[in-house]
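In what follows, a single structure is set out as structure tokens and then discussed.
The values are calculated or read from the model by the stated rules, or taken from the named source; none is laboratory data. Keep in mind that what you see is a predicted model, and the values were worked out from it rather than measured. Here Cβ is always computed from backbone atoms with ideal geometry, including for glycine, and neighbour counts include all displayed protein chains.
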Amino acid sequence: MTDLAAPTFVRQDLVPERPTPVRTTGFLGFVRTRLLNSPGNILLTILALLLLWYVVVPAIRFTLVDAVWTGKDRTACLAEKAGHEVGACWPYIQAKLSQLMYGFYPEAQRWRVNLTFLLGAVLLVPLLVPRLPAKGLNSGLFFFAFPVVAFFLLRGGGFAGFGVSWAAGLLQLFEQSISGAGQALVNVSQTSAIGPLLWLLGKLIVLIGLMIQWLIFPLTWLRDQLQASSQPVWIDFLLTAVIVSAVLFVLGGGVRTGRRALVGSLVTFAGIAAIIRLMGLDRGGFALVDTRLWGGLLVTLVIAITGIVASMPIGIALALGRRSTIPLIRIFSITFIEFWRGVPLITVLFFATYMLPLFVPSNFTVDGLLRALIGVALFTGAYMAEVIRGGLAAVPRGQAEAASALGLSWWKTTSLIVLPQALRFVIPGIVGSFISLFKDTSLVSIVALFDLLGSLRASFSDPNWTTPTTAFTGFAFAGILYFAFCFGMSRYSLFVERRLNAHRRN
Amino acid sequence: MTIAPRKPPAQFALRLKRALGGKAGWNGLAAQLAFAAVLAWIAYEIVANARANLETQHIASGFGFLKYNAGFDVSQSLISYTNSDTYWRVFFVGLLNTLVVSVIGIFFATIIGFVVALCRLSPNWLLSRIGGIYVEAIRNLPLLFQILFWYLAVLAALPAPRQSISIFSTFFLNNRGLIVPRPISEPGLDPFLAMLAIGILAALGVRRYARQALFQRGQLIRIWPYVLGLVVGLPLIAMLIFGRPMTFEVPQLKGFNFAGGARIIPEFVALTVALSTYTAAFIAEIVRAGILSVHKGQMEAGSSLGLSRGTTLRLIVVPQAMRVIVPPLTNQYLNLTKNSSLAVGIGYPDLVSVFAGTAVSQTGQAIEIIAMTMGVYLLLSLTTSAIMSIYGWRINRSLGT
């Protein structure tokens with residue numbers, strides 16, 4: 001074992017040092033590996049650089065270097081006056097800024113718009129920061145209180161009654177409609193083959209209408225008494241507060257557990273009273289501003305925010321309806337969703353503008369902005385339903401099963417167990433819908449509403465500012481505005497998504 | 001002692017309950033009845049109000065107006081149209097214009113979308129960043145904004161016809177649109193088209209035969225020479241026998257305008273450019289997600305089997321990526337078609353613009369016209385989604401799940 005063959009060769013000197021490997025880190029390494037690692041890639045890099053050169057340089061020249069910054073009218077932005085090639089004509093934006101922001105909203109009343117924007121921002125920002133507390137209260141304020149306050153701030157006006165009067169009015173309308181339908185059936189029965197049957201049905205419906213009339217008689221009587229009094233709004237308000245609080249107290253469990261509900265209701269009513277007092281809604285409120293005068297970013301934001309707020313309940317109801325096992329409700333939900341998702345938004349807006357006024361009684365006039373809002377809400381609601389359905393499907397079955405094992409009813413299972421989890425899952429989806437809704441609001445400029453894009457387009461026709469670069473300047477400004485909103489929201493949605501999936505990250 | 005199996009209880013009542021009220025049983029039935037009553041009431045309200053309103057506003061109802069003369073001109077139509085034609089023809093003119101802008105838009109959107117997706121996937125950092133910027137910039141701006149930008153800013157800033165931008169002296173771009181050579185059909189056109197159709201059909205047959213041979217007998221037939229011969233050769237022979245199928249009339253600048261050639265209206269150009277670049281950004285994301293969804297191991301397994309990179313891509317990666325890509329891609333095509341209705345913003349005579357716009361303001365019959373317009377789009381999207389669900393079903397079946 002020891003007589004190993006003598007080694008014939010033993011290397012005496014060290015192996016020469018190899019050259020250091022090509023750096024793959026740092027800036028140079030990055031350039032080598034990601035930009036210039038093969039002939040093909042070198043070519044692509046050169047092409048990309050050329051593309052950047054021909055896009056970025058003219059863009060910067062246009063917006064900054066060659067731009068005109070001050071001036072009174074179009075002459076400042078003409079090449080002859082400026083003495084060089086003229087880029088963006090920023091004085092034009094300065095002159096039109098108020099139109100692009102507020103439309104023709106009266107100058108003296110614009111503080112109301114600013115106040116609304118401020119209020120919205122103050123309520124929205126804490127809602128978006130996940131770490132801040134009191135999300136329930138905050139979202140309640142933003143989704144319920146803010147729209148009402150914003151409505152009276154922006155439009156102005158007040159009301160003559162409160163809960164009791166409104167309920168009485170609505171129920172009376174309902175009763176009239178039912179009686180009308182019954183009467184129509186009775187009239188039809190005289191010419192129809194199945195006349196007696198129709199007559200019977202019509203009389204039955206008329207009878208139901210009559211019963212409703214008796215049932216609501218105390219309410220209408222109360223309303224008439226209230227309206228005759230000196231302080232209709234406040235008495236009505238107090239009555240409503242007492243009735244609603246009492247009902248909530250009883251529903252909440254009476255003396256044993258109802259105190260919480262009672263306190264909550266009383267605090268809410270106190271808040272409402274403060275708002276009514278502060279804005280003087282009982283005395284007619286602010287001066288009315290016709291929605292035809294609204295415009296610019298104001299209309300864009302109003303439509304986008306109303307659309308998203310209104311589409312949430314529609315979407316939740318439709319999504320639950322589509323998952324329901326009750327045949328008629330499921331079929332209705334599917335039809336409704338697929339119908340609105342199958343048609344372009346512009347036809348929906350045409351529908352809302354031209355057809356909707358025909359569908360309401362002739363003594364109602366539906367405001368132009370409101371029509372567009374209804375169309376947008378229905379359209380977005382259908383899309384929202386699909387987003388929320390995705391969230392509902394993502395909640396594990398065991399959650400609902402565990403809830404029913406605990407003896408919770410369907411309503412409690414849905415509202416306490418399933419929906420909260422589902423809504424958490426779909427926050428990025430909701431933000432995504434909001435982005436597309438925000439972009440889609442530009443379509444209302446086609447049905448004669450002046451949103452940001454519509455105001456921009458209208459401002460092009462001002463002869464005081466027609467220069468070769470006016471259109472480009474306007475589009476640059478509006479583009480930056482749209483991009484800032486949409487890009488910011490999409491980044492936010494990414495952030496939330498990452499936070500929600502934090503436990504899955506490895 | 002034997003225990004006789006217990007008879008299952010009679011379940012008619014239970015089944016009936018399930019069928020009528022779902023899981024909620026009789027409560028569900030009651031809810032349905034109440035819901036039906038509410039729906040009936042709303043329907044009654046709508047019909048009664050509409051009837052009363054139409055009567056007070058003296059608007060006719062029914063589809064009789066479709067036979068009346070429209071009496072307005074349309075700036076672009078594929079079928080012959082004069083202002084003494086009927087509304088029914090206006091409907092078709094608009095529909096065809098919608099379809100043509102959609103098809104051309106889809107064509108360009110697909111090409112741009114795939115190119116941008118490849119850019120984003122490229123190992124070249126700069127190129128992938130440029131792709132990313134394109135997608136972000138386009139997706140975060142409203143489509144109508146982009147359409148108006150192309151129409152009011154870019155196309156309006158183009159020079160007058162005399163200073164047209166000329167591309168190979170055959171295409172001319174100016175502020176009145178794009179002037180292209182007009183194809184003029186010659187007697188050889190019909191045989192040419194017939195031969196082309198026969199060639200394509202025969203090529204499909206050959207492909208089918210070759211696949212059968214491959215799957216049943218393991219015989220590999222190289223088909224591309226036959227396919228080339230059938231699709232290119234047959235029409236060439238027809239051309240040699242019957243003469244050229246068509247000639248092109250090249251536009252010439254005469255005085256202040258162009259003579260000859262066909263003018264593509266600027267609205268069409270703006271709409272096509274905006275629609276295709278906008279949809280391309282979405283398509284790029286879909287394609288990118290689809291290709292990234294194929295596991296890296298698939299590519300490695302392919303090369304370990306000795307397949308070349310191209311074959312691996314063609315046979316292994318792309319088919320699996322397509323499975324992910326196709327459904328959302330069709331959805332984007334559908335979106336493009338629906339978005340083409342924004343044509344009304346710049347006055348391109350599409351279905352919404354001429355029919356739901358001009359025709360409504362002339363006849364006032366909003367209910368019928370808007371219902372017809374919505375119906376067309378609804379039909380398109382329902383057909384597409386039906387085809388897509390068949391496709392999904394087939395994919396699932398072929399995967400054996």
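Kindly provide the set of residues from the range A:184-208 that are closer than 19 Å to residue B:47 by Cα and part of a helix (DSSP H, G or I), ordered by number.
A:184, A:185, A:186, A:187, A:188, A:189, A:198, A:201, A:202, A:205, A:206
Just give me the residues in the range A:213-239 being farther than 23 Å from residue A:176 by Cβ and either assigned to a helix (DSSP H, G or I) or in contact (Cβ under 8 Å) with a residue 60 or more places away in the chain (or both), in sequence order. Show your work before the answer.
Restricting attention to the range A:213-239, the residues satisfying the condition of being farther than 23 Å from residue A:176 by Cβ are A:229-231, A:233-235, A:237-239.
Correct list: A:233, A:234, A:235, A:237, A:238, A:239.
Select from the range B:147-168 the residues that are over 29 Å from residue A:479 (Cα atoms) and either among the aliphatic types (A, V, I, L, M) or touching a residue at least 24 places away in the same chain (Cβ under 8 Å) (or both) and list them in ascending order. Reasoning before the result, please.
From the range B:147-168, those over 29 Å from residue A:479 (Cα atoms) are B:161-163, B:166-168; that's our starting set.
If the condition is that a residue be over 29 Å from residue A:479 (Cα atoms) and either among the aliphatic types (A, V, I, L, M) or touching a residue at least 24 places away in the same chain (Cβ under 8 Å) (or both), then B:161, B:162, B:167 are the ones that fit.
Would you mind finding the one in A:347, A:365, A:306 that is within 12 Å of chain B (Cβ to nearest Cβ), outside any loop (DSSP other than H, G, I, E, B) and either at pLDDT below 90 or crowded, with 19+ Cβ neighbours inside 10 Å (or both)? Break it down stepwise before answering.
Numbers: A:365 fails: outside any loop (DSSP other than H, G, I, E, B); A:306 fails: within 12 Å of chain B (Cβ to nearest Cβ).
Within the list A:347, A:365, A:306, the selection yields A:347.
Among the candidates B:360, B:344, B:354, single out the residue that is surrounded by 13 or more Cβ atoms within 10 Å (Cβ to Cβ) and more than 10 Å from chain A (Cβ to nearest Cβ). Break it down stepwise before answering.
Numbers: B:360 fails: more than 10 Å from chain A (Cβ to nearest Cβ); B:344 fails: more than 10 Å from chain A (Cβ to nearest Cβ).
Of B:360, B:344, B:354, the one residue that is surrounded by 13 or more Cβ atoms within 10 Å (Cβ to Cβ) and more than 10 Å from chain A (Cβ to nearest Cβ) is B:354.
Quick one: how many residues across the range A:453-469 are crowded, with 18+ Cβ neighbours inside 10 Å and facing chain B (nearest Cβ under 10 Å)?
6
Take the residues in the range B:187-217 that are over 28 Å from the mean Cα position of the chain (by Cα) and surrounded by 15 or more Cβ atoms within 10 Å (Cβ to Cβ); name whichever of them is farthest from residue B:235 (Cα to Cα).
Restricting to residues being over 28 Å from the mean Cα position of the chain (by Cα) and surrounded by 15 or more Cβ atoms within 10 Å (Cβ to Cβ), the top hit is B:210.
If you go through the range B:1-50 one residue at a time, how many are of a type outside the set (Val, Ile, Thr), under 38 Å from the mean Cα position of the chain (by Cα) and surrounded by 12 or more Cβ atoms within 10 Å (Cβ to Cβ)? Break it down stepwise before answering.
Start the filter on the range B:1-50 by keeping residues that are of a type outside the set (Val, Ile, Thr), which leaves B:1, B:4-37, B:39-41, B:43-45, B:48-50.
When the remaining residues are screened for being under 38 Å from the mean Cα position of the chain (by Cα), the result is B:35-36, B:39-40, B:43-45, B:49-50.
Within this subset, residues satisfying the condition of being surrounded by 12 or more Cβ atoms within 10 Å (Cβ to Cβ) are B:35-36, B:39, B:44-45, B:49-50.
So the count comes out to 7.
Out of the residues in the range A:235-265 that are crowded, with 16+ Cβ neighbours inside 10 Å and not aliphatic (A, V, I, L, M), which is nearest to the chain's Cα centre (by Cα)?
Per the stated criteria, the residue is A:265.
Quick one: which residue in A:450, A:472 is among the aromatic types (Phe, Trp, Tyr) and within 12 Å of chain B (Cβ to nearest Cβ)?
Numbers: A:450 fails: within 12 Å of chain B (Cβ to nearest Cβ).
Of A:450, A:472, the one residue that is among the aromatic types (Phe, Trp, Tyr) and within 12 Å of chain B (Cβ to nearest Cβ) is A:472.
Within the bounds of the range B:281-302, is there any residue that is assigned to a helix (DSSP H, G or I), within 13 Å of chain A (Cβ to nearest Cβ) and under 30 Å from residue A:448 (Cα atoms)?
So far as the range B:281-302 goes, yes, one or more of its residues are assigned to a helix (DSSP H, G or I), within 13 Å of chain A (Cβ to nearest Cβ) and under 30 Å from residue A:448 (Cα atoms).
Just a yes or no: is a residue in the range A:498-506 within 11 Å of chain B (Cβ to nearest Cβ) and free of Cβ contacts under 8 Å to residues at least 60 places away in the same chain? Break it down into steps so the answer makes sense when it comes.
Keep residues of the range A:498-506 that are within 11 Å of chain B (Cβ to nearest Cβ), which gives none.
No: the range A:498-506 contains no residue that is within 11 Å of chain B (Cβ to nearest Cβ) and free of Cβ contacts under 8 Å to residues at least 60 places away in the same chain.
From the set of residues in the range B:136-165 that are in a loop (DSSP other than H, G, I, E, B) and at pLDDT 90 or above, which is farthest from residue A:486 (Cα to Cα)?
Kept after step one, since they are in a loop (DSSP other than H, G, I, E, B), are these residues of the range B:136-165: B:140-142, B:156-160, B:164.
Right, trim to at pLDDT 90 or above and you get B:140-142.
Details: B:140: 5, B:141: 8, B:142: 9 Å.
Here the residue is B:142.
Any residue in the range A:382-400 that's in contact (Cβ under 8 Å) with a residue 40 or more places away in the chain: show its pairings with residues that are basic (Lys, Arg) at Cβ separation under 7 Å, as long as the two are six or more apart or on different chains.
Listed pairs, sorted by first residue: A:382/A:341; A:383/A:341; A:385/A:322; A:389/A:322; A:389/A:323; A:392/A:323.
If I filter the range A:322-339 for residues that are in contact (Cβ under 8 Å) with a residue 40 or more places away in the chain, in contact with a helix residue (DSSP H, G or I) (Cβ under 8 Å, 6 or more places away or on another chain) and part of a loop (DSSP other than H, G, I, E, B), do I get at least one hit?
No; the residues of the range A:322-339 include none that is in contact (Cβ under 8 Å) with a residue 40 or more places away in the chain, in contact with a helix residue (DSSP H, G or I) (Cβ under 8 Å, 6 or more places away or on another chain) and part of a loop (DSSP other than H, G, I, E, B).
Looking at A:289, A:255, which is the one that is touching a residue at least 40 places away in the same chain (Cβ under 8 Å) and β-branched (Val, Ile, Thr)? Break it down stepwise before answering.
On the way: A:255 fails: touching a residue at least 40 places away in the same chain (Cβ under 8 Å).
Of A:289, A:255, the one residue that is touching a residue at least 40 places away in the same chain (Cβ under 8 Å) and β-branched (Val, Ile, Thr) is A:289.
Taking residue A:23 as the residue in question, decide whether it is surrounded by 11 or more Cβ atoms within 10 Å (Cβ to Cβ), out of contact with any strand residue (DSSP E or B) (no Cβ under 8 Å at 6 or more places or on another chain) and within 13 Å of chain B (Cβ to nearest Cβ).
The answer is no for residue A:23.
Do we find that residue A:47 is outside the structural domain of residue A:479 (by TED's automatic domain parsing), surrounded by 14 or more Cβ atoms within 10 Å (Cβ to Cβ) and part of a helix (DSSP H, G or I) in this structure? Explain how you work it out, then say what you get.
Details: outside the structural domain of residue A:479 (by TED's automatic domain parsing): yes; surrounded by 14 or more Cβ atoms within 10 Å (Cβ to Cβ): yes; part of a helix (DSSP H, G or I): yes.
Answer is yes for this residue.
Filter the range B:234-287 down to residues that are surrounded by 23 or more Cβ atoms within 10 Å (Cβ to Cβ) and either of a type in the set (D, E, K, R) or at positive phi (or both), then give me how many there are.
Residues meeting the conditions: 1.
So which pairs qualify, if the first residue must be in the range B:373-385 and more than 7 Å from every other protein chain (Cβ to nearest Cβ) and without any contact (Cβ under 8 Å) to a residue 12 or more places away in the chain, the second must be buried (at least 18 other Cβ atoms within 10 Å of the Cβ) and β-branched (Val, Ile, Thr), the Cβ gap must be under 8 Å, and the two must be at least 6 apart or on different chains?
Going by the 8 Å Cβ cut-off, there are no qualifying pairs.
Would the range A:415-436 turn up any residue that is hydrophobic (A, V, I, L, M, F, W, C), within 11 Å of another protein chain (Cβ to nearest Cβ) and buried (at least 19 other Cβ atoms within 10 Å of the Cβ)? Steps first, please.
Taking the range A:415-436 first, the residues hydrophobic (A, V, I, L, M, F, W, C) are A:416-419, A:422-423, A:425-427, A:430-431, A:434-435.
Still in the running and within 11 Å of another protein chain (Cβ to nearest Cβ): A:435.
Restricting the remaining residues to those that are buried (at least 19 other Cβ atoms within 10 Å of the Cβ) gives A:435.
Checking the range A:415-436: at least one residue is hydrophobic (A, V, I, L, M, F, W, C), within 11 Å of another protein chain (Cβ to nearest Cβ) and buried (at least 19 other Cβ atoms within 10 Å of the Cβ).
Quick one: would you say residue B:27 is within 7 Å of chain A (Cβ to nearest Cβ) and in a helix (DSSP H, G or I)? Don't jump to the end; show me each part of the working.
Numbers: within 7 Å of chain A (Cβ to nearest Cβ): no; in a helix (DSSP H, G or I): yes.
Taking the combined requirement at face value, the residue does not satisfy it.
Taking the options A:137, A:115, name whichever one is in contact (Cβ under 8 Å) with a residue 24 or more places away in the chain, under 29 Å from residue A:490 (Cα atoms) and either in contact with a helix residue (DSSP H, G or I) (Cβ under 6 Å, 6 or more places away or on another chain) or not polar (S, T, N, Q) (or both). Steps first, please.
Working: A:137 fails: in contact (Cβ under 8 Å) with a residue 24 or more places away in the chain.
That would be A:115, the only listed residue that is in contact (Cβ under 8 Å) with a residue 24 or more places away in the chain, under 29 Å from residue A:490 (Cα atoms) and either in contact with a helix residue (DSSP H, G or I) (Cβ under 6 Å, 6 or more places away or on another chain) or not polar (S, T, N, Q) (or both).
Any idea which of A:195, A:158, A:163, A:182 is more than 19 Å from the chain's Cα centre (by Cα) and crowded, with 18+ Cβ neighbours inside 10 Å?
Details: A:195 fails: crowded, with 18+ Cβ neighbours inside 10 Å; A:158 fails: crowded, with 18+ Cβ neighbours inside 10 Å; A:163 fails: crowded, with 18+ Cβ neighbours inside 10 Å.
Step by step, each of A:195, A:158, A:163, A:182 is checked, and only A:182 is more than 19 Å from the chain's Cα centre (by Cα) and crowded, with 18+ Cβ neighbours inside 10 Å.
Identify, by number, the condition in (1) in the same structural domain as residue A:230 (by TED's automatic domain parsing); (2) closer than 30 Å to residue A:423 by Cα that residue A:179 doesn't meet.
Exception for residue A:179: condition (2).
Among the residues of the range B:51-61, write down those that are at pLDDT below 80 and surrounded by 12 or more Cβ atoms within 10 Å (Cβ to Cβ).
B:59, B:61
Would you mind stating whether residue A:445 is touching a Lys or Arg at 6+ places or on another chain (Cβ under 6 Å), crowded, with 17+ Cβ neighbours inside 10 Å and under 30 Å from residue B:360 (Cα atoms)?
Here the answer is no, as residue A:445 does not meet what is asked.
Looking at the range A:77-89 only, could you name the residues that are surrounded by fewer than 19 Cβ atoms within 10 Å (Cβ to Cβ) and assigned to a helix (DSSP H, G or I)? Steps first, answer last, please.
Step one: filter the range A:77-89 for residues surrounded by fewer than 19 Cβ atoms within 10 Å (Cβ to Cβ), giving A:78-85.
Hits for the range A:77-89 are A:79, A:80, A:81, A:82.
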